[in-house]
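Note sheet for the following structure.
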Amino acid sequence: MATRICLVRHGETAWNAERRLQGHTDIPLNDTGLVQARATAASLAAERFDAAYSSDLTRARQTAAAIAERCGLELAFDAALRERHYGSFQALTYDEARARFPDDYHRFETRDPEFTFPEGGESLRQFAARIHGTLEGIARRHPDGTVLIVTHGGVLDIVHRLASGKPLTAPRDFTIPNAALNWIGWDGAAWSLIAWAQQQHLNQALDELPNA
């Protein structure tokens, strides 16, 4: 059994451009993001997908809808593919969060896996467990298939670590551009990294996420 998964980070939003933490806040694509979604759809037009899944947040849904229309796909929306819940950090820029919550920001920036954001947020370990379980469930539903998933930057951070074996606590040394293509494989027992951050189809793409 071998499953290929193409994961796409949603297109750009105004909050991405402002380096503002979105989390579960439901922000739509900006004009650049809508152009990126169409370009990503065109780049995938020759692919044959057996299934397509998307986060249920608007920025992901809009990106996924452009791809689904171009590729003739029926979308399944799943809240388990949402971004990490950043609790009290949501709607703040990274600089604002650092200034307002310096101790919490330090734990976030240093990737403390047990740090849970106040006001309903998730710890890194909880978030990773959610993504690991969701991905494996999707892969097991589509043995020997090719699957599209449209999701978020934090999710892709977890996915890259899962597929590459990089620990949750290690600083990020890979890119996560808006609307880029990221391919991983599942052989029924382990994940592998096939290709990452493919963005030849994009004129521009932000990776505004912190390096932590």
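Bear in mind these aren't lab numbers, they're just calculated from the coordinates by the rules spelled out. Predicted model, so just to flag it, every value in this text is computed and none were measured. Please note: Cβ atoms are built from the backbone with ideal geometry, for glycine as well, and neighbour counts cover all protein chains shown.
Please figure out what share of the DSSP beta bridges in the chain is antiparallel and state it in percent, rounded to the nearest 5.
Details: 14 of 27 bridges.
Of the beta bridges lying entirely in the chain, close to 50 percent run antiparallel.
What size of dipole, in debye to the nearest 20, comes out for the chain about its Cα centre when the only charges are +1 on Lys and Arg C-beta atoms and -1 on Asp and Glu C-beta atoms? Display every interim value, and only then the final one.
Working: 22 positive and 27 negative charges, 62 e Å.
Taking the Cα centre of the chain as origin, the dipole is about 300 debye.
How do the peptides 158-170, 54-66 rank, highest first, by the average count of neighbouring beta carbon atoms within 10 Å per residue? If you can, show how the numbers build up before the last one.
Numbers: 158-170: 16.5, 54-66: 22.8.
Taking the mean over residues of other Cβ atoms within 10 Å, the ranking is 54-66, 158-170.
Taking the alpha-carbon centroid of each part, what is the distance from segment 177-197 to segment 66-90 in angstrom?
Taking the Cα centre of segment 66-90 as reference, the centre of segment 177-197 is 17 Å away.
Under 1.5 on a/c is rounded, so check that first for the chain, then, if it is not, pick prolate when a/b is larger than b/c and oblate when it is not; a ≥ b ≥ c are the square roots of the alpha carbon gyration tensor eigenvalues.
On the way: a/c = 1.84, a/b = 1.31, b/c = 1.40.
The shape class here is oblate.
Let me know the shape class of segment 123-212, please: from the alpha-carbon gyration tensor, a ≥ b ≥ c as square roots of the eigenvalues, rounded when a/c is under 1.5, otherwise prolate if a/b is greater than b/c, or oblate.
Values: a/c = 1.86, a/b = 1.20, b/c = 1.55.
Since a/c reaches 1.5 but b/c is at least a/b, the shape of segment 123-212 is classed as oblate.
Could you compute the net charge surrounding Leu75? Neighbours are other residues with a C-beta less than 12 Å from the C-beta of Leu75; K and R count +1, D and E count -1. Before the final figure, lay out the partial values.
Working: positive: Arg61; negative: Asp56, Glu69, Glu74, Asp78.
For residues surrounding Leu75, the net value is -3.
Please give the net charge around Gly145, taking every other residue with its beta carbon less than 15 angstrom from that of Gly145, where Lys and Arg add +1 and Asp and Glu add -1. Walk me through the numbers on the way to the answer.
Numbers: positive: Arg4, Arg48, Arg140, Arg141; negative: Glu47, Asp50, Glu74, Glu136, Asp144, Asp187.
Counting the neighbours of Gly145, the net charge comes to -2.
Among the helices of the chain (complete DSSP H runs), which have Cα atoms covering no less than 15 Å along the helix axis and a Kyte-Doolittle mean of at least -1.0? Intermediate values should be presented prior to the final figure.
Working: long enough: 31-43 (18 Å, 0.08); 58-71 (19 Å, -0.42); 124-141 (26 Å, -0.27); 153-164 (16 Å, 0.79).
Length and hydropathy pass: 31-43, 58-71, 124-141, 153-164.
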